[in-house]
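Enquirer: Pasting a structure below so you can have a look.
The values are calculated or read from the model by the stated rules, or taken from the named source; none is laboratory data. Everything quoted here is computed from the prediction, not taken from an experiment. Cβ placement follows ideal geometry from the backbone for every residue including glycine, while neighbour counts extend to all protein chains displayed.
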Amino acid sequence: MASNLTADEEAGWFVSQKEQPWWQWLLRRFIASGPIPRHVAFVMDGNRRFAKNKNLGSVIKGHEKGFVQLAKILDWCSRFGIREITVYAFSIENFKRSEDEVGGLMRLAEEKFQKLLNDSEKLDEKRICFRFYGNRTLLSARLQKLMSDIEGRTEKFEGGRLNVCMPYTSRDEISRSFETIRTHVKEGKLNVEDINESMIDACLDSGCGGTPPDLFIRTSGEHRLSDFMMWQAADTHVYFDSVLWPEFGYYNLCKAILNYQYYRSTVSKMSSLNVSEETTWKMNFRGNDRDLISVKS
Amino acid sequence: MLDVAGICVAAVRAVYWLVMLVCNFLGYSPLWAQIAMKNRKMENVKIRIPAHLAVCFTESRLIDLTEVIQIMDSCVAAGIRQLSLYDPFGELVSQIGQIEQACRLFTRADLFCDGKRLHSSGLTNLQVNVLSRKMGKSALVEACKMKFFSKRHTAHKSILCFQLCREEDEITVDRVSKTLEDKFHLSDPDFLLQVGNVPTLCGYPPWNLRITEFLQTPRLPCSRRALDCCVEAFSQRDIRVGK
């Protein structure tokens, strides 16, 4: 991996807690007087363009910078009181990229996940629950093991939640949830008439304790969802920023939250047009078994 | 004798020079320079007409039947083949009779409402699909149920056997897409206009927004000129599917 790491890069997932600059503190106090989104989803777009613009040499350097920025943003979000963050780390479509880039990204992921597991003290201190969404069967056995270990290690933590989507597409997630329902129907555990939106919510990867995002942010100026959380973000506040992900700073985050606050009541009115369902469902995990349980409203 | 005309010309030139100086200082280009830059930029951009345009109304006050019929005409003129009009407030569905009449009389368009065909023209230039909130997540729920209902609603043994075999097949992305297309006439728009200032998709059929480009616009671009501006914006987008 890269040599001559800065202090930020050495810090890994958890940026060292320092006093915030006075202007960040002031902005935060001002913004936090209004409603803060409970769950923010990020499409971390722009790493490769950043690498090209800054002449970093290879796109992997751009992804490394992107990771460093992610760690900072996680810290800022935590200070704002944002409890859940979902990040689009790797799309199933990204396997179409060059072997060098895909291989580099997988190695970067392995390194960062191993670093997370090794940083036991910080894990226990921060108590962030890590979850991985996506079709893990497409990854190497080593990566799958690392992900399972991280999930097992942080399962009971309630200090916050970070969902890493890798490798993920929303369509793949929805069709796997249909397949889960099909299996339950086949085994006689469910009736077809019981299928509703709540059941599909429960069977998605985010059904394991996740909540729908309040704010969806995409960087780099692209205005599309790119197959990310399409079901969960159907009624969400969608915000696009033209800045590249490694340059998404504190000010950009503040602008996004202010935009959320400005439109919050209007966006909530839109989602209240949904018809409420009689029966809601949740997924119970017992080891490798998953059971759908109904909760009558 | 003072040359009044000359003084006026000199005054106009002086004012123009001052305005240019201020513009340059502040970093603004005067209008003619902006137009010239835009024309130069557009020379290098190939215009791409979206085959399927979707409109999502985020504010009910912006839904106007006359404008909707006008945009249908503009789409025919611009060469857009499919137009989806998503109205989460249900106003377009309540006025579907008038839209159907417009399709019969003025616009050569096939009309669908929530997936059901209402009108078909012989030689059609445009397919219009009026969608309500029922076509959002609810359509996916129905698509999920349809994988099983096929067993119940057929009597013929050979068809039953065939469909039972189908039930054994794993549910895949392609099968879900096909069900939505066949049963609800839902397909992926290339370009979606969010009409209004509210930054949300209002429950637009989520499955179909995989690589759709969004553009937020304060009003429905019903005139040909306004629609052309939107198409220009679409043409400048860099579409990369995962790569």
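Enquirer: I need the full set of residues from the stretch A:53-67 which are part of a helix (DSSP H, G or I) and surrounded by fewer than 17 Cβ atoms within 10 Å (Cβ to Cβ), in order please. Break it down into steps so the answer makes sense when it comes.
Expert: Step one: filter the stretch A:53-67 for residues part of a helix (DSSP H, G or I), giving A:53, A:59-67.
A:Asn53, the sole residue that qualifies.
Enquirer: Let me ask something else. Name every residue in the stretch A:123-135 that is assigned to a helix (DSSP H, G or I) and crowded, with 17+ Cβ neighbours inside 10 Å, in order of residue number.
Expert: The initial filter retains those residues of the stretch A:123-135 that are assigned to a helix (DSSP H, G or I), namely A:123-126.
Across the stretch A:123-135, the qualifying residues are A:Leu123, A:Lys126.
Enquirer: If you take the residues in the stretch B:72-118 that are in a loop (DSSP other than H, G, I, E, B) and small (Gly, Ala, Ser), which one is nearest to B:Leu227 (Cα to Cα)?
Expert: B:Gly79
Enquirer: Residues in the stretch A:81-88: is at least one within 14 Å of chain B (Cβ to nearest Cβ) and closer than 30 Å to A:Pro21 by Cα?
Expert: Of all residues in the stretch A:81-88, those within 14 Å of chain B (Cβ to nearest Cβ) come to A:88.
Checking which are closer than 30 Å to A:Pro21 by Cα leaves us with A:88.
Among the residues of the stretch A:81-88, at least one is within 14 Å of chain B (Cβ to nearest Cβ) and closer than 30 Å to A:Pro21 by Cα, which makes the answer yes.
Quick grid of which residues meet (1) touching a Lys or Arg at 6+ places or on another chain (Cβ under 9 Å); (2) surrounded by fewer than 22 Cβ atoms within 10 Å (Cβ to Cβ):
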{"residue": "B:Glu170", "(1), (2)": "yes, yes"}
{"residue": "B:Ser177", "(1), (2)": "yes, yes"}
{"residue": "B:Glu181", "(1), (2)": "no, yes"}
{"residue": "B:Leu201", "(1), (2)": "no, no"}
{"residue": "B:Ser223", "(1), (2)": "no, yes"}
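Enquirer: Right, another one. Condition first: buried (at least 22 other Cβ atoms within 10 Å of the Cβ) and touching a residue at least 12 places away in the same chain (Cβ under 8 Å). Now tell me which residues in the stretch A:228-237 satisfy that.
Expert: Of all residues in the stretch A:228-237, those buried (at least 22 other Cβ atoms within 10 Å of the Cβ) come to A:228-230, A:232-237.
Selection gives A:Phe228, A:Met229, A:Met230, A:Gln232, A:Ala233, A:Asp235, A:Thr236, A:His237.
Enquirer: From the set of residues in the stretch A:175-184 that are crowded, with 19+ Cβ neighbours inside 10 Å and facing chain B (nearest Cβ under 7 Å), which is farthest from the chain's Cα centre (by Cα)?
Expert: A:Arg182
Enquirer: Do you know which residues across the stretch A:254-265 are at the interface with another protein chain (Cβ under 10 Å from one of its Cβ atoms) and in contact with a strand residue (DSSP E or B) (Cβ under 8 Å, 6 or more places away or on another chain)?
Expert: Going residue by residue through the stretch A:254-265, those that are at the interface with another protein chain (Cβ under 10 Å from one of its Cβ atoms) are A:259-260, A:262-263.
Scanning the stretch A:254-265 gives A:Asn259, A:Tyr260, A:Tyr263.
Enquirer: Being at pLDDT below 90, within 14 Å of chain A (Cβ to nearest Cβ), crowded, with 19+ Cβ neighbours inside 10 Å and touching a Ser or Thr at 6+ places or on another chain (Cβ under 8 Å), is that true of even one residue in the stretch B:203-218?
Expert: Initial filter on the stretch B:203-218 (at pLDDT below 90): none.
The answer is no, given that none of the residues of the stretch B:203-218 is at pLDDT below 90, within 14 Å of chain A (Cβ to nearest Cβ), crowded, with 19+ Cβ neighbours inside 10 Å and touching a Ser or Thr at 6+ places or on another chain (Cβ under 8 Å).
Enquirer: For A:Val243, state whether it is surrounded by fewer than 20 Cβ atoms within 10 Å (Cβ to Cβ), farther than 20 Å from B:Thr212 by Cβ, of a type in the set (Val, Ile, Thr) and at pLDDT 95 or above.
Expert: Details: surrounded by fewer than 20 Cβ atoms within 10 Å (Cβ to Cβ): yes; farther than 20 Å from B:Thr212 by Cβ: yes; of a type in the set (Val, Ile, Thr): yes; at pLDDT 95 or above: yes.
Judged against the criteria, A:Val243 is a match.
Enquirer: Before we move on, is A:Ile73 assigned to a helix (DSSP H, G or I), within 14 Å of the chain's Cα centre (by Cα) and of a type outside the set (Ser, Thr, Tyr)? Working first, answer last.
Expert: Values: assigned to a helix (DSSP H, G or I): yes; within 14 Å of the chain's Cα centre (by Cα): yes; of a type outside the set (Ser, Thr, Tyr): yes.
When the stated conditions are applied, A:Ile73 passes them.
Enquirer: If you don't mind, there's one more thing I want to ask. Return the total of residues in the stretch A:186-205 being more than 15 Å from B:Leu140 (Cβ to Cβ) and in contact (Cβ under 8 Å) with a residue 12 or more places away in the chain.
Expert: 4
Enquirer: Consider B:Glu232 carefully, then state whether it is modelled with pLDDT of 75 or more, at the interface with another protein chain (Cβ under 7 Å from one of its Cβ atoms) and farther than 30 Å from A:Lys269 by Cβ.
Expert: Numbers: modelled with pLDDT of 75 or more: yes; at the interface with another protein chain (Cβ under 7 Å from one of its Cβ atoms): no; farther than 30 Å from A:Lys269 by Cβ: yes.
So B:Glu232 fails the test.
Enquirer: Can you tell me which residue is farthest from the other protein chains (Cβ to nearest Cβ) among those in the stretch A:197-253 that are within 14 Å of the chain's Cα centre (by Cα) and acidic (Asp, Glu)?
Expert: A:Asp205
Enquirer: From the list A:Arg131, A:Arg142, which residue is among the charged types (D, E, K, R), over 18 Å from the mean Cα position of the chain (by Cα) and modelled with pLDDT of 95 or more? Steps first, answer last, please.
Expert: Working: A:Arg131 fails: over 18 Å from the mean Cα position of the chain (by Cα).
On inspection, the qualifying residue turns out to be A:Arg142.
Enquirer: Being outside any helix (DSSP H, G or I), surrounded by 13 or more Cβ atoms within 10 Å (Cβ to Cβ) and within 12 Å of another protein chain (Cβ to nearest Cβ) is the filter here; which residues of the stretch A:89-101 pass it? Give the derivation first.
Expert: Start the filter on the stretch A:89-101 by keeping residues that are outside any helix (DSSP H, G or I), which leaves A:89-91, A:97-98.
Retained after the next criterion (residues that are surrounded by 13 or more Cβ atoms within 10 Å (Cβ to Cβ)): A:89-91, A:97.
Once the filter is applied, which keeps residues that are outside any helix (DSSP H, G or I), surrounded by 13 or more Cβ atoms within 10 Å (Cβ to Cβ) and within 12 Å of another protein chain (Cβ to nearest Cβ), the stretch A:89-101 yields A:Phe90, A:Ser91, A:Arg97.
Enquirer: Restricting attention to the stretch A:187-196, report how many residues are among the basic types (Lys, Arg) and at the interface with chain B (Cβ under 8 Å from one of its Cβ atoms). Let's see the steps before the verdict.
Expert: Going through the stretch A:187-196, the residues among the basic types (Lys, Arg) turn out to be A:189.
With the extra rule that they be at the interface with chain B (Cβ under 8 Å from one of its Cβ atoms), the set shrinks to none.
Qualifying residue count for the region: 0.
Enquirer: Among (1) surrounded by 17 or more Cβ atoms within 10 Å (Cβ to Cβ); (2) more than 24 Å from B:Phe214 (Cβ to Cβ); (3) of a type in the set (Gly, Ala, Ser), which single condition is B:Ser84 missing?
Expert: Unmet for B:Ser84, out of (1) surrounded by 17 or more Cβ atoms within 10 Å (Cβ to Cβ); (2) more than 24 Å from B:Phe214 (Cβ to Cβ); (3) of a type in the set (Gly, Ala, Ser): (2).
Enquirer: Every residue in the stretch A:266-276 that is in a loop (DSSP other than H, G, I, E, B) and at the interface with chain B (Cβ under 9 Å from one of its Cβ atoms), please. Before the answer, list the steps.
Expert: So the first thing to find is which residues in the stretch A:266-276 are in a loop (DSSP other than H, G, I, E, B), and the list is A:272-276.
Answer for the stretch A:266-276, where residues must be in a loop (DSSP other than H, G, I, E, B) and at the interface with chain B (Cβ under 9 Å from one of its Cβ atoms): A:Leu273, A:Asn274, A:Val275.
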